[in-house]
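The structure under discussion appears below in the form of structure tokens.
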Amino acid sequence: MPMNRIQFQPGLSMPEFLKQFGTEAQCEAELQQTRWPQGFVCPDCGHTGHAVFRVGAHPTFQCRACRQQTSLIAGTLFQSTKLPLTVWFLAIYFISQAKTGLSALSLKRLLGISYPTALLIQHKLMQAMVEREAHYTLSGHVQVDDAYLGGELSGGKAGRGSENKIPFVAALSLDEEGHPLRIKLTAVPGFTNKAISDWAKTNLTPGCAVLSDGLACFAAVTEAGCQHQAIIVGGRKPKDLPEFLWLNTILGNLKTSLGGAYHAFGFAKYASRYLGAFAYRFNRRFRLDTLPTRLLVAATTIGPRPGTWLRSAEVSC
Ligand SMILES: [Zn+2]
């Protein structure tokens, strides 16, 4: 049973995590290894010869060829941070292990930092998850449905067209036995042919077989080279159709997650970040123990995402 496999997997215990990443030196070593697995490479000229010294809180690498100095945290999500890396690593741990997501308020309490700082850390890490997720497209058998944030998430069609809700496409790929593989939760401007065509070109692999209910716009996935089949059964909604069981279960979990962990502050503006972070965790649900190190890789590779950038980022980031 897939759900039991998720619930009973060992994860990474807090004592084990602290044993590995409890000191600043351990976190620095891990970040350096993650950033330069084969050893330091100058970001400017690609030379590997270097000297290491400390300027401020973190090691700085000076290239022997071009003399450029590169701090360990410069060019990563941690750039310019005043916080110890141990705090960042703990944030990564808490956020990646929390099954239903973690609010900024919880993060503030757990880490002993201010609320604005907790909010910034949360959004930076969610952004790292979103950008990582953007690398993947769904393939094979894919179910899609229209869904909404900011009201009932039951998939009930009463919500269609309602103005104060954020529309998003919920999509799930399934294996040959009908078990869930990956999800994509994507905010869209609305359920128009153009929006679905654009969404499909970005999020689906050409040739995949898409199943939806009778909402007309989903036929536009064919413009992205996908096959499309619609289930139209009288007045029944997808939540009543056995074919959509997994998708509806996941939407139910999403509702619990967002309702329980996230308070509505700025929610509408950042909906795609919350959706992407939920999808990131779901798509790695079988590998809880390696999630913290995977999230560290994501944070190291996406580069700086300062608060001003995070606040101005468009819905589709
Ligand atoms: Zn250089």
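Across the stretch 42-58, which residue is nearest to residue 296 (Cα to Cα) among those that are buried (at least 17 other Cβ atoms within 10 Å of the Cβ) and within 16 Å of the ligand (Cβ to nearest atom)?
The residue in question is 42.
Any chance you could count how many residues in the stretch 59-85 are within 10 Å of the ligand (Cβ to nearest atom), in a loop (DSSP other than H, G, I, E, B) and open to solvent by 70 Å² or more (accessible area, probe 1.4 Å)?
Narrowing the stretch 59-85 to residues within 10 Å of the ligand (Cβ to nearest atom): 61-70.
Adding the requirement that they be in a loop (DSSP other than H, G, I, E, B) leaves 64-68.
Add one more test, that the residue is open to solvent by 70 Å² or more (accessible area, probe 1.4 Å), and what stays is 64, 67-68.
Number satisfying all stated conditions: 3.
Scanning the stretch 234-244 for residues that are at pLDDT below 70 and of a type in the set (A, V, I, L, M) yields a total of 0. Whenever a residue of the stretch 273-297 is in contact (Cβ under 8 Å) with a residue 12 or more places away in the chain, its partners that are aromatic (Phe, Trp, Tyr) and part of a loop (DSSP other than H, G, I, E, B), lying with C-beta atoms within less than 8 angstrom and at least six residues away or across chains, give the pairs 274/262; 274/267; 283/136. Among the residues here, residue 158 does not qualify as outside any loop (DSSP other than H, G, I, E, B) and modelled with pLDDT of 60 or more.
The set of residues in the stretch 162-177 that are touching a strand residue (DSSP E or B) at 6+ places or on another chain (Cβ under 9 Å) and at pLDDT below 90 comprises 162, 165, 166. For the stretch 124-142, filtered to residues that are open to solvent by 10 Å² or more (accessible area, probe 1.4 Å) and not in a loop (DSSP other than H, G, I, E, B), the residue that is nearest to residue 184 (Cα to Cα) is 133. Considering each residue of the stretch 29-41, count those that are away from the ligand (no atom under 16 Å from the Cβ) and within 20 Å of residue 132 (Cβ to Cβ), and give that number. Residues that pass the stated criteria total 5.
The values are calculated or read from the model by the stated rules, or taken from the named source; none is laboratory data. Source: prediction; values computed, not measured. As a convention, Cβ positions derive from the backbone with ideal geometry for all residues, glycine included, and neighbour counts pool all protein chains shown. We work out accessible area using only protein heavy atoms, side chains counted, and drop any ligands, DNA or RNA first. Shrake-Rupley method; radii C 1.70, N 1.55, O 1.52, S 1.80 Å.
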